[in-house]
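Report on one structure; see the data block that follows.
The values are calculated or read from the model by the stated rules, or taken from the named source; none is laboratory data. Since this is a predicted model, take the numbers as computed values, not measurements. Cβ placement follows ideal geometry from the backbone for every residue including glycine, while neighbour counts extend to all protein chains displayed.
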Amino acid sequence: MDLADGSSLCGRGARNGRYVLTAVPNPRIAIVYQNDDLGKDFVSGFKSGLGDKAASTIVSEQSYDVSDPTIQSQMVSAKASGANVRYFAGTVKYAIMNIRIRHELGWEPVHLICSTAAGVETTMKGAGFDKAEGVISTSYIKHPNDARWEDEEEVQAFMAWMKENLSDKSPKDNGAVVGYMTSYII
């Protein structure tokens with residue numbers, strides 16, 4: 001599937017990879033990812049963004065299954081690799097664990113997460129804003145959290161729909177935004 005800018009779905013991971021190469025001198029990258037198509041697609045995109053530097057910059061790759069109760073051991077291994085960059089590719093439940101465990105370990109690499117797990121109301125609030133500070137991700141939507149979009153017709157339509165149909169829910173919840181977009185397409 002191509003997005004409006006011509007990139008593929010895994011291209012969002014590619015933007016994170018390109019960002020690392022421009023923003024981090026001598027990156028040493030640890031990846032923790034969900035061992036399924038979602039996680040693998042984001043990792044593939046991330047590696048494509050790193051291009052020929054992927055092999056020399058990735059020092060650790062740790063996977064987990066959605067049936068795993070925790071990702072503690074993967075995070076400990078990732079930290080032990082000496083990485084100064086972290087890339088997480090998975091869903092919200094494990095993104096929250098990822099952020100909390102990184103914080104508990106006192107590990108402060110450049111911390112990137114895939115767009116699927118980048119919700120402010122879900123992931124960041126769930127992990128604790130103090131623990132999530134500095135997390136970097138990309139977005140492919142005009143999110144109502146972002147003041148630069150508040151005057152956009154599409155965002156105003158979404159906000160009106162939320163007020164009328166889901167007034168007890170937060171319009172800042174990524175689930176609400178993605179659900180609205182998906183229902184609109186269907």
Original post:
Gly6 is checked against (1) at pLDDT below 95; (2) assigned by TED's automatic domain parsing to the domain that holds Thr123; (3) of a type in the set (Gly, Ala, Ser); (4) out of contact with any Leu (no Cβ under 7 Å at 6 or more places or on another chain) and fails just one. What number does that condition carry?
Top reply: (2)
Original post:
For residues in the range 81-98 being of a type in the set (Ser, Thr, Tyr) and in contact with a Leu (Cβ under 9 Å, 6 or more places away or on another chain), which is modelled with the lowest pLDDT?
Top reply: Thr91
Subject >> Among the candidates Trp161, Trp149, Trp107, residue that is at negative phi and modelled with pLDDT of 95 or more >> reply: Trp107
**OP:** Hand me the list of helices (runs of 4 or more DSSP H) wholly inside the range 76-186 holding 2 or more residues that are surrounded by 15 or more Cβ atoms within 10 Å (Cβ to Cβ) and in contact (Cβ under 8 Å) with a residue 24 or more places away in the chain.
**Re:** 92-104, 129-132, 174-185
Subject >> Per-region count, the range 46-61, residues in contact with a strand residue (DSSP E or B) (Cβ under 7 Å, 6 or more places away or on another chain) and either closer than 15 Å to Gly13 by Cβ or surrounded by 18 or more Cβ atoms within 10 Å (Cβ to Cβ) (or both) >> reply: 5
